[in-house]
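Presented below is the structure to which this report refers.
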Amino acid sequence: MRRITRSSRRPIGRSSSIRTTFFILSFVATCRLLQPTPTWMTYPSSLRASPTSGGFQHYLDIALDLASLEPSEVLATMEQIDPFQTKAFDILLSQKETTLKRTLTIDEIKDIFPCPRLDERITLPDARVDQKAKDFRNGKHGTFLFFQHLRKAGGTNFCSLAENNLPEKAQPAYYCMPDREWKEKKGAGRLHSWSNEEITTRMSKQGFRIAGNEWEYFDPSRHFDLPAVFATSFRKPIDRALSQFRFECIEDRGCIIKDVHKWWEKRVDLWNVYTKTFADPPGGARNQFNGTEQRREMMATAIDTLSKFHIVLSMEWLAYAAPQVRSILGFNDVSALTTRVRPHINQAKRDDRQEHNSLGSASIKKASWDPKEYLDAAQYKKMSEDLALDEILTEVARRMFLERLVCNDLGGGVAI
């Protein structure tokens with residue numbers, strides 16, 4: 001079990017100025033790691049790169065310092081510094097895709113984001129359990145794919161990906177959620193409500209090889225003990241939130257509130273939902289991490305949890321996920337990564353001509369509402385600040401994805 005160290009620096013308090021914050025985090029983000037990984041930090045021996053390699057702790061410290069700030073300072077600092085080097089990449093990627101009118105090759109991506117040296121890689125030391133991925137690829141009985149489905153963040157695409165590669169009998173009938181058929185407890189995609197023993201027994205008995213957990217949090221204290229390979233997909237937080245409002249409310253799928261202001265005030269459960277999903281905090285959905293230390297603790301747990309997921313995707317960059325999907329999961333049909341999959345689309349058809357993603361991230365942007373255009377300035381600011389911790393976690397996830405895309409060694413874009 002990875003033990004998280006804490007920075008010896010005092011957390012940046014709410015009285016700190018943006019200028020001071022900018023200086024400190026700029027320094028941290030641009031310096032290379034000078035200290036070796038502490039010898040008491042434990043990792044499975046098969047995953048340990050070397051005593052001094054790996055930038056996980058470096059980026060964790062940056063994330064925790066960011067989490068210590070007030071939401072408005074988080075957003076301003078990340079915009080100014082781009083500490084995970086993902087925002088600049090996203091802009092350049094979209095520009096090149098639009099200019100070339102196609103997705104980029106891996107070599108072209110490496111021109112924008114070269115593989116970092118070992119001590120600058122957030123994915124090292126690699127905390128994933130490689131044997132679980134191998135067991136899944138080899139079809140070992142009882143193993144399955146645990147997909148933490150973040151709503152409106154590419155989950156339906158991922159389910160279609162699994163359906164294209166798994167035998168029909170290995171697929172739950174309802175959107176990759178096996179518990180829809182487990183009658184004792186109502187609902188679907190609620191795996192937190194089931195014990196590991198119940199999940200393992202039922203998955204094995206029914207022969208299912210994928211389990212989607214959409215409506216409940218991931219429990220890092222026990223879910224990693226399941227005989228599973230773990231995957232998830234992120235999306236820019238405010239884009240995801242607006243997409244959910246559009247899907248559920250504007251397009252009349254169970255929501256009757258048409259005013260995004262009123263809807264957001266009622267959906268406190270969606271504030272920093274990514275962080276809550278991977279930290280599984282006491283108090284559940286309404287926990288808003290009001291204290292500095294609490295925000296740091298929840299962020300540390302969420303990042304540690306995410307680092308153990310075998311595949312961490314970014315919806316905006318799904319078109320580039322094929323190497324990881326093939327190598328980690330053993331899936332050969334990756335067409336779903338570039339095909340727009342829209343659940344319940346017959347209830348509200350869209351004519352945006354984006355059924356096939358030929359432009360990568362640029363295509364995702366064309367098919368989505370632009371929050372800056374749809375929301376007024378005050379609402380955009382409020383929703384962004386209510387999702388400030390998720391902004392941090394999303395950029396962590398995106399850097400993980402990028403490193404594994406462009407690095408071919410030590411758990412990069414090859415089988416671990």
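What follows is calculated from the coordinates using simple rules that are stated; it is not laboratory data. Here the structure is a predicted model, which means the values were calculated and not measured. When we count neighbours, we look across all protein chains shown, and the Cβ atoms used for this are built from the backbone with ideal geometry, even at glycine.
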Burial ordering of GLU197, GLU97, fewest other beta-carbon atoms within 10 Å first: GLU197, GLU97
Could you grab the relative contact order for the range 85-406? Cα pairs under 8 Å, six or more apart, rounded to a whole percent. 27 percent
Most exposed to least, judged by fewest other Cβ atoms within 10 Å, CYS159, CYS176, CYS249, CYS407 sort to CYS249, CYS407, CYS159, CYS176
Give me the one-decimal nm value for the distance between modelled label points at THR98 and ASP370, 7 Å along each residue's Cα-to-Cβ direction. 0.8 nm
Most exposed first by the Cβ proxy, i.e. fewest other Cβ within 10 Å, how do SER221, SER307, SER327 rank? SER221, SER327, SER307
Take every DSSP beta bridge with both residues inside the range 85-406 and express the antiparallel ones as a percent of the total, to the nearest 5. 5 percent
Could you give the semi-axes, largest first, of the ellipsoid that matches the range 85-406, computed as the square roots of 5 times the alpha carbon gyration tensor eigenvalues and rounded to whole Å? 27, 25, 22
Over what distance in Å are the Cα centres of the range 194-266 and the range 111-186 separated? 13 Å
Against the 2.2 N^0.38 Å rule of thumb, the C-alpha Rg of the range 45-166 sits at a ratio of 1.36
Is the shape of the range 156-235 rounded, prolate or oblate, going by the alpha carbon gyration tensor and its root eigenvalues a ≥ b ≥ c, with a/c under 1.5 for rounded and a/b larger than b/c for prolate? rounded
Mean separation of Cα pairs under 8 Å and 6+ residues apart, divided by the residue count of the range 74-225: what relative contact order is that in percent? 22 percent
Between SER72 and ASP259, what is the label-to-label distance in nm when each label sits 7 Å out along the Cα-to-Cβ direction? 2.4 nm
Separation between the LYS205 and ILE250 pseudo-spin-labels, each 7 Å from Cα along Cα→Cβ, expressed in nm? 4.4 nm
